[in-house]
Amino acid sequence: MDLPTTERRAGSFQVPNVTRNSHGEILESGEHGVMQKTHSKTIGYLLWIFGFIGAHRFYYGRKITGTIWLFTGGLFLIGWIVDLFLIPSMDRQAAVKYQAGHIDYSLAWILQTFLGPFGIHRFYMGKIGTGLLWLLTAGLCGVGYVYDYLTLNEQVDEVNRRR
C-alpha cells in the first residue's frame with residue numbers, strides 16, 4: 001500500500017495541504033483523514049443514465065434507495081433528475097465508507113453488470129470457488145446475480161481490507 005506524503009505550496013493565496021501517494025496521485029482529505037478515491041464519477045454518471053432503475057445508487061452502496069428507485073422508476077423520475085446533482089456527494093461518501101485497494105470498485109461493477117451471471121467479477125476478486133459456481137449455474141439462476149448487486153461494494157471492501 002502506498003504511504004501518503006503531504007506537501008504545502010506557497011503562493012499569494014493560501015493553498016490547503018495536498019496529499020499524494022508514492023505514485024504522485026493526489027488523495028483527497030476528508031473529515032475522517034486522508035481518503036483514496038474508490039468509485040468513479042464518470043461511471044456514476046454513466047449509470048445515472050439508467051438511474052430510474054437505481055443502478056447508480058447501487059454502485060455507490062445505497063441499497064435501500066437503489067431498490068426504491070428500481071421499483072418506482074427513480075421515484076417517478078423526479079428523484080432521478082435530482083440525483084444528477086447528488087452524484088458528487090455520493091462519490092465522496094463512498095470514498096469515506098469503502099477501502100481503496102488492489103481490487104477496483106468500478107471494474108468489479110462493470111464485470112458484475114455485463115458478465116455477472118458468469119461469475120467473472122468473483123474471479124477478479126479472487127473468489128475462485130464461487131466464481132466457478134456462478135459460471136456453472138448462471139449466477140445461481142439469477143438469485144446470486146441480484147445478491148451481488150446488493151453486496152458488491154461490501155465484498156470488494158472486505159477483500160481490500162484483508163490485503
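Judged by the ratio a/c of the largest to the smallest principal axis of the C-alpha gyration tensor, region 64-163 counts as oblate, that ratio being 1.5 or greater while a/b is no larger than b/c.
How would you classify region 43-119 from its alpha-carbon gyration tensor, with a ≥ b ≥ c the square roots of the eigenvalues: rounded for a/c under 1.5, else prolate if a/b is greater than b/c, otherwise oblate?
On the way: a/c = 2.12, a/b = 1.33, b/c = 1.60.
It comes out oblate by the Cα gyration axes.
Within straight-line reach of Lys127, meaning a Cα separation under 25 Å, sit the following lysines at least 8 residues removed in sequence or on another chain: Lys37, Lys63, Lys97.
The numbers here are math on the coordinates, done by the rules we state, and not lab data. Everything quoted here is computed from the prediction, not taken from an experiment.
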